[in-house]
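One structure is given below, encoded as structure tokens.
The values are calculated or read from the model by the stated rules, or taken from the named source; none is laboratory data. The shown structure was predicted, so the numbers you read here are calculated from the model rather than taken from an experiment. So basically every Cβ, Gly included, is an ideal-geometry build from the backbone, and we count neighbours across all protein chains shown. Heads up: the accessible areas ignore ligands, DNA and RNA and are worked out on the full protein's heavy atoms, side chains in. Shrake-Rupley method; radii C 1.70, N 1.55, O 1.52, S 1.80 Å.
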Amino acid sequence: MLDKIKELQKEIEEIAVKSAEELEELRIKYISKKGEVSRLMEDFRNVSPDQKKEVGQAINILKNFATEKIRVLKEGLEEQASDSKGLDLSLPGDPMKAGTRHPISIIKNEILEIFKRLGFVVSEGPEIEDDWHVFSALNFPEEHPARDMQDTFFIQRNPDILLRTHTSSVQVHDMETMKPPIRTVTPGRVFRNEAISYRAHCMFHQIEGLYIDEDVSFADLKQTLLYFAKELFGEKSEIRMRPSYFPFTEPSAEVDVSCSICGGKGCNVCKYTGWLEILGCGMVDPNVLEASGIDSKKYTGFAFGMGIERIAMLKFGVNDLRLYFENDVRFLNQFEAAN
Ligand code: PHE
């Protein structure tokens with residue numbers, strides 16, 4: 001019996017087929033219910049008990065081998081068929097699914113476009129900065145808490161090298177290298193030593209704006225931001241300004257936009273106030289102009305800054321900021337590039 005098995009094994013090894021019909025015949029011959037392998041199984045009943053183990057194993061191996069061989073041959077034939085006459089070059093190809101833009105990029109581009117229409121140019125700068133560009137040139141007093149280890153990621157001490165905590169640092173570069181009139185918008189990543197939660201992250205994105213020229217006034221700032229709010233959140237949007245404080249602007253204000261979700265009536269997104277805080281702004285402090293070599297008697301300017309994540313959360317109704325950085329395609333797939 002073992003000889004018979006060996007013989008069959010050899011036969012099957014040598015099988016080569018040209019057509020599906022041939023293969024089907026062989027399949028019937030070897031592994032169908034009435035095939036050779038099944039016949040062996042029937043004969044197995046008559047094998048003496050002391051040989052049962054060995055013969056049984058051999059039959060099993062043969063059966064698996066034959067099934068696998070037929071499967072491989074079948075696959076080969078199918079491939080051949082689709083390679084040659086089954087191939088229709090006029091059929092449309094498999095669609096290549098294009099990725100979608102990241103929601104932060106979508107909103108960033110939308111915001112930049114609005115300011116570009118007003119004549120602002122985009123400027124970018126380094127994420128790793130010195131103390132001067134992030135703090136000193138921006139009128140931060142020596143003991144200001146933002147300079148603290150708790151808030152800022154330092155890379156090196158004395159002289160201090162750090163990850164920028166806001167993109168205002170790029171505005172210092174711009175003031176040092178450009179001559180007024182200056183009109184820039186500055187997108188980029190910023191870093192703060194914050195505990196990560198649904199509303200805060202140690203890394204996020206900002207866009208800041210700077211406008212310096214003769215006779216730039218607070219009215220210009222207000223009108224620019226009103227235009228911006230209407231463009232981004234809709235024609236019906238209104239803004240309100242609340243007095244605030246930043247070392248680099250005087251006077252300073254916090255800007256709220258009327259809640260675009262409830263139209264100002266009050267909902268859980270605006271915490272029933274009808275208003276959403278979206279940015280900080282103010283008139284550039286003369287000390288800041290002078291620190292970068294701009295004559296504060298001749299020129300005035302305004303600046304503003306906003307977090308892109310927060311605005312994207314409002315625009316898209318996203319309620320957890322961490323989703324932006326987890327790279328989960330189920331989240332990311334939901335956003336189509338607007339431009
Ligand atoms: N740099 C400020 C921040 O990061 C925002 C700001 C920019 C405020 C310009 C006023 C003027 O919070």
**Item:** Lone qualifier among A195, A219, A200 - being more than 24 Å from the chain's Cα centre (by Cα) and over 20 Å from W132 (Cα atoms)
**Value:** A219
**Request:** Output the residues belonging to region 199-220 that are within 16 Å of the ligand (Cβ to nearest atom) and part of a helix (DSSP H, G or I).
**Result:** F218, D220
**Request:** Under 8 Å between Cβ atoms, at least 6 apart or on separate chains: pull out the pairs that start in region 319-336 with a residue that is closer than 19 Å to I196 by Cβ and end on any residue that is among the aromatic types (F, W, Y).
**Result:** N319/Y198; D320/Y198; L321/Y198; L321/F204; R322/Y198; L323/F331
**Request:** For region 296-307, indicate whether the set of residues that are charged (D, E, K, R), open to solvent by 60 Å² or more (accessible area, probe 1.4 Å) and more than 14 Å from the ligand (Cβ to nearest atom) is non-empty.
**Result:** yes
**Item:** Residue list for region 111-142, filter: open to solvent by less than 20 Å² (accessible area, probe 1.4 Å), within 19 Å of D220 (Cβ to Cβ) and either assigned to a loop (DSSP other than H, G, I, E, B) or not aromatic (F, W, Y) (or both)
**Value:** I111, I114, F120
**Asked** Any chance region 87-99 includes a residue that's open to solvent by less than 60 Å² (accessible area, probe 1.4 Å) and polar (S, T, N, Q)?
**Response** no
**Message:** So C259 passes all but one of these: (1) touching a residue at least 24 places away in the same chain (Cβ under 8 Å); (2) open to solvent by less than 30 Å² (accessible area, probe 1.4 Å); (3) more than 16 Å from the ligand (Cβ to nearest atom). Which condition number does it fail?
**Reply:** (1)
**Request:** Exactly one condition in (1) closer than 20 Å to E309 by Cα; (2) surrounded by fewer than 19 Cβ atoms within 10 Å (Cβ to Cβ); (3) within 10 Å of the ligand (Cβ to nearest atom) is not met by K271; state its number.
**Result:** (3)
**Fill in**
Of the residues in region 151-193, those that are within 16 Å of the ligand (Cβ to nearest atom), outside any strand (DSSP E or B) and open to solvent by 40 Å² or more (accessible area, probe 1.4 Å) number 5
